[in-house]
Structures are given as structure tokens and as C-alpha cells.
Amino acid sequence: MPTRMLEDKPRVWLVSAVESMEMNISVSGAGNCNLLQKTKDSIDELSFWTWSDLLVALKHYQDSPRTATSSGILEKCLDSLVGRLAMASEVTPCASTSSPDSSGLRISFNTRSTQSSKNGLFRATWWFEDLSALNPNLIEMLVKSMVSRGYNHVIVSGFLFYYQKSKFYTASSDEKREVLEIVIDMLYTLDPSSISCKSFFGVLRPVLRSNISKSCRNKLESMIGSQLDQATIDNLLIPSYGRSYLYDVNLVLRFLKAFLRDGGSELSPIRMKKVASLIDLYITEVAPDRCLKSSKFSALVMVLPDSSRDSWDELYHAMDIYLE
């Protein structure tokens with residue numbers, strides 16, 4: 001183990017011990033014997049700490065956040081860690097992060113640049129596994145710091161998806177809910193164009209089986225709705241858990257309302273027509289459901305303006321199926 005790590009680990013633990021004993025000036029009564037201040041001064045040498053040292057400190061303090069926050073050490077560790085990530089990304093930029101498709105992190109290896117692409121992916125994501133050991137509260141602080149520094153949103157979103165999946169292997173239902181809420185809240189702070197619609201639907205699946213807050217659910221539905229023109233029919237055929245009809249029509253209607261609301265006057269005719277075509281296919285799929293209420297069927301038919309359709313043939317076909 002490096003000498004620096006041996007020296008710095010005890011410093012982290014020492015600050016906690018000193019703070020818990022309140023060994024400050026008022027207690028010791030002698031400014032030159034203020035152990036807490038001297039220990040904090042040594043913590044200020046974070047720029048000399050290794051990556052492993054910072055991880056040890058963060059893992060230690062996530063179990064005692066009140067002490068860490070009051071001393072400011074947690075923020076210093078996070079700031080130093082994010083600074084190193086930012087510097088590393090500037091030195092070794094990854095070309096694969098220019099596209100949000102599939103979280104922006106899946107690369108096609110059917111080109112001559114296979115090896116360089118793999119190396120670029122590793123340079124951009126090597127830290128994912130290390131930081132996935134942090135708890136949701138620290139992840140929130142970490143992502144906010146990365147966003148404030150202008151870190152690549154494609155990489156940040158890729159880490160959030162990685163974090164959610166890695167935590168789900170051993171998490172309880174309550175822990176899964178907490179992870180999902182943090183991931184959704186942080187995704188909501190990113191540029192939507194940096195995240196693929198497919199990735200949002202990947203988060204939606206566990207959300208439908210968990211009791212997350214209504215606020216987080218609304219945020220996820222809004223993000224999906226804003227990219228509805230990128231969705232596929234398979235994305236929308238979501239089972240209606242605990243209800244009589246086959247598919248969750250109410251959820252799709254909320255996606256549509258979010259698409260119309262968030263797009264506003266900026267919705268191009270091309271995007272509108274893509275969504276109309278998608279919804280006509282969806283209506284055809286749900287039309288045979290005998291339990292689907294006429295009010296829900298009508299809502300699907302009427303939610304988009306007439307100008308969004310070049311042809312009504314698919315919709316008329318769906319109506320015939322439903323009336324039969």
C-alpha cells in the first residue's frame with residue numbers, strides 16, 4: 001500500500017474522532033493545541049491525495065454525513081474528485097460520447113476503429129464501478145457538482161443508469177425506491193438530448209413496480225414525453241398492472257400530453273407526424289381489448305390535432321377493430 005494512503009486514511013478517521021470529542025479551541029482552551037484545526041489543515045492537502053484516498057474518505061463519511069457536512073470535508077473530497085474526472089476527460093476525450101443513443105455508451109464495434117473505440121469508452125467510464133459504491137445522497141451531491149462544472153451530460157447520464165442497475169442487485173425494495181428517485185431527479189437536471197428515449201424506458205420498467213414519489217414519476221413521464229417521437233411501438237405496449245385492461249393506456253395518454261405540453265410551439269410537423277403514426281399503431285394494438293373503455297379509446301384518437309396525420313387509414317382500421 002502506498003505511503004501516502006497510509007498517511008491520509010488515518011487523517012480522515014482522525015477528523016471524525018476529534019469532532020466527536022469536540023476537541024476545539026473552546027474545549028482545549030489553547031489555540032496552539034487545537035487538534036481539530038491542525039487535522040483540518042492537513043485535510044486541505046487534498047490535492048496530494050490519490051484517487052483511492054478520496055474514495056476511502058467518501059465511503060467513510062457517507063456513514064456519518066452530519067459530521068462531514070459540518071466540517072466541510074465531504075464537499076472538499078467531492079470537489080477534488082470531480083475536478084480530477086473533469087481533467088481526465090479533457091486530456092483523453094471520448095468520441096463515443098457525442099451521441100445519446102443507448103445512454104451514449106454503447107459503441108458499434110463493426111468498424112476499423114474497434115480498439116480505439118474500446119479505449120475511448122474505457123477512458124470515459126473507468127470510474128463508474130468505483131463510484132457506484134457511494135450511497136444515493138452522495139451520488140446526488142456528486143452529479144450536481146459534475147453538472148455545475150459542465151461535465152459531459154452523456155457520460156453523467158450513463159453513470160446514473162449504471163448506478164441504478166448495479167445497486168438493484170442487492171438492494172431492498174426501500175433502497176431501490178431511494179435509488180430510483182435520486183437517479184430520476186438527477187436525470188431531470190440534464191440536457192434531455194443527451195439521453196436516449198430507450199434509456200428512459202429502461203428506467204420506467206422498475207418504476208412501474210415500485211412506490212416512488214409522484215413528483216419523480218411525473219418527471220420521468222415528462223422526460224419520456226419530450227422524446228416520444230423517438231419511441232417504438234414495443235416501448236408503448238406497457239402492461240396495465242392490477243387493472244382489467246391489457247395495456248396502460250392512461251400512461252401513454254400522459255406521455256402524449258407531456259409531448260404536446262413540453263414541445264409547445266417548437267414541435268415540428270415532422271415530429272408530430274412521427275408521433276401520430278406511432279399512436280395510430282398503438283391504437284390498433286389496444287383496440288381488440290374488450291375491457292378498454294370507449295372514453296379511453298376516444299381520448300387516444302382525439303389527443304393529437306388533425307394536422308398531424310397525412311392519412312387516416314390506420315386509424316379507421318383501428319376503429320373497425322374496436323367496434324367489432
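The values are calculated or read from the model by the stated rules, or taken from the named source; none is laboratory data. All values reported here derive from a predicted model rather than from experimental measurement. For neighbour counting, all protein chains shown are included, and Cβ atoms are generated from backbone atoms with ideal geometry for every residue, glycine included. Just the protein is used for accessible areas: all its heavy atoms, side chains included, with ligands, DNA and RNA removed. Shrake-Rupley method; radii C 1.70, N 1.55, O 1.52, S 1.80 Å.
Calculate one ³J(HN,Hα) per residue across region 286-296 by plugging θ = phi - 60° into the Karplus curve 6.51 cos²θ - 1.76 cosθ + 1.60, and present them in order as whole Hz with x for glycine and proline.
Karplus values, whole Hz, x for Gly and Pro: 8, 4, x, 5, 5, 8, 6, 5, 4, 5, 6.
For TYR247, list long-range residues whose amide hydrogen, built 1.01 Å from N in the peptide plane, is under 5 Å from its own amide hydrogen.
Residues meeting the amide H criterion: SER240.
Express the carbon and sulfur contribution to the solvent-accessible surface of region 227-323 as a percent, rounded to the nearest whole number, probe 1.4 angstrom. Write out the running numbers ahead of the final one.
Details: 2810 of 5280 Å².
Carbon with sulfur: 53 percent of the solvent-accessible area.
At what distance in nm do the modelled label points of GLU129 and SER311 sit from each other, each positioned 7 Å from its Cα along Cα→Cβ?
5.1 nm
How large is the accessible surface per residue of region 121-184, computed with a 1.4 Å probe and reported in Å² as a whole number? Walk me through the numbers before you get to the answer.
On the way: 2820 Å² over 64 residues.
Here the residues of region 121-184 average 44 Å² of exposed surface.
Need the full-extension length gain, LYS59 to ALA299, defined as separation in residues times 0.36 nm minus the C-alpha distance. One decimal, nm. Mind dumping the intermediate values first?
Values: separation 240, 0.36 × 240 = 86.40 nm, distance 5.05 nm.
So the extension gain works out to 81.4 nm.
Accessible area per residue for region 227-323 in Å², computed with a 1.4 Å probe and the full protein assembly in place, what is it?
Details: 5280 Å² over 97 residues.
Heavy-atom accessible area per residue stands at 54 Å².
Based on the Cβ-Cβ distance from SER52 to LYS165, what FRET efficiency comes out when R0 is 30 Å, to the nearest 0.05?
On the way: r = 24 Å, r/R0 = 0.81.
After rounding to 0.05, the efficiency reads 0.80.
Just list whichever of LYS176/LYS214; LYS59/LYS219; LYS198/LYS274; LYS176/LYS219; LYS214/LYS296 have alpha carbons separated by over 19 Å in the model shown.
Values: LYS176/LYS214 16 Å; LYS59/LYS219 29 Å; LYS198/LYS274 16 Å; LYS176/LYS219 17 Å; LYS214/LYS296 22 Å.
With Cα atoms farther than 19 Å apart: LYS59/LYS219; LYS214/LYS296.
Convert each backbone phi in region 208-214 into a coupling constant with the Karplus relation 6.51 cos²θ - 1.76 cosθ + 1.60 (shift: θ = phi - 60°), then list the ³J(HN,Hα) values in order as whole Hz, x for Gly and Pro.
5, 9, 10, 9, 7, 5, 4
Express the carbon and sulfur contribution to the solvent-accessible surface of region 126-226 as a percent, rounded to the nearest whole number, probe 1.4 angstrom. Don't skip to the answer; put the middle values down first.
Working: 2020 of 4250 Å².
Whole-percent figure for carbon plus sulfur exposure: 48.
Within 10 Å, count the other beta carbons around each residue, average over each peptide in 211-219, 72-80, and list them highest first.
Packing proxy ranking, top to bottom: 72-80, 211-219.
How big is D for region 227-323, in µm² s⁻¹ as a whole number, if Stokes-Einstein is applied with the Kirkwood radius of its Cα pairs at 10 °C and 1.306 mPa s?
Calculated translational D: 117 µm²/s.
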